[in-house]
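This report refers to the structure that appears directly beneath it.
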Amino acid sequence: MSVELRIKGLRSAINEKYPGLSTEVIAKTHDDDLQTYIQTQYVLNNHPDANIFFYAGAGVYGGIRAICESNRRDQIMVFAYDLYDEARKYLNEGTLIPLALYQDPYNQGYSAVKIIICYTGKALNQIFTN
């Protein structure tokens, strides 16, 4: 659901702020690196004008791999959610990925528990690990 909302938000912002831009291809890769690799190769081969890739979920590494294997790496920018180790390299280098939105899932969960404890004034009786 969050991936669909991210895509909807992206399209809405593009239509509102940049009406001359178009979102040509939306591919569902089910957060899978292999599917993302295959779909990215398809887009690279069949849409030569595509120069921005937005990965709204996991599977970013597959897309990055396909782009790096292509002869168009220097012509493409990638925007991604979450900061996986594979993506962090390109973000730190300042190549390929100029921006990644990092959600920090560990601290999201940790903060939620702290808020519950502060709100109720009591510690949790049970510890949940999965």
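Rule-based calculations on the coordinates, nothing more; no lab input. A quick note: this is a predicted structure, and the numbers were derived from the prediction, not measured. For neighbour counting, all protein chains shown are included, and Cβ atoms are generated from backbone atoms with ideal geometry for every residue, glycine included.
Descriptive notes on the structure:
- In region 2-104, taking the dipole from charged Cβ atoms about the Cα centre, the farthest positive-side position among Gly20, Tyr81, His30 is held by Gly20.
- Take 23-34, 104-115, 2-13 and order them by the average number of nearby Cβ atoms within 10 Å per residue, most first; the result is 23-34, 2-13, 104-115.
- The residue list Val43, Leu91, Leu101 was ranked by how far each Cα lies along the charge dipole of region 2-104 toward its positive end, using unit charges on Cβ atoms, and Val43 comes out on top.
- Modelled spin-label separation between Met77 and Asp49, with each label point placed 7 Å from Cα along the Cα-to-Cβ direction: 1.8 nm.
- Residues whose amide H comes within less than 5 Å of that of Phe53, counting only those at least five positions distant or on another chain, are Met77, Val78, Phe79 (H built at 1.01 Å from N in the peptide plane).
- Relative compactness, the chain, computed as alpha-carbon Rg over 2.2 N^0.38 Å: 1.30
- Once the Cβ-Cβ distance of Glu69 and Leu10 is raised to the sixth power relative to R0 = 30 Å, the FRET efficiency obtained is 0.75.
- Zone residues, region 30-60, relative to Asp85, backbone N less than 12 Å from point 7 Å out along Cα-to-Cβ: none
- Helices meeting the span-like rule in the chain (full DSSP H runs, Cα extent of at least 20 Å along the helix axis, mean Kyte-Doolittle score of -1.0 or higher): 2-17, 105-120.
- Using Cβ point charges alone (K and R +1, D and E -1), the dipole size of region 2-104 about the Cα centre works out to roughly 240 debye.
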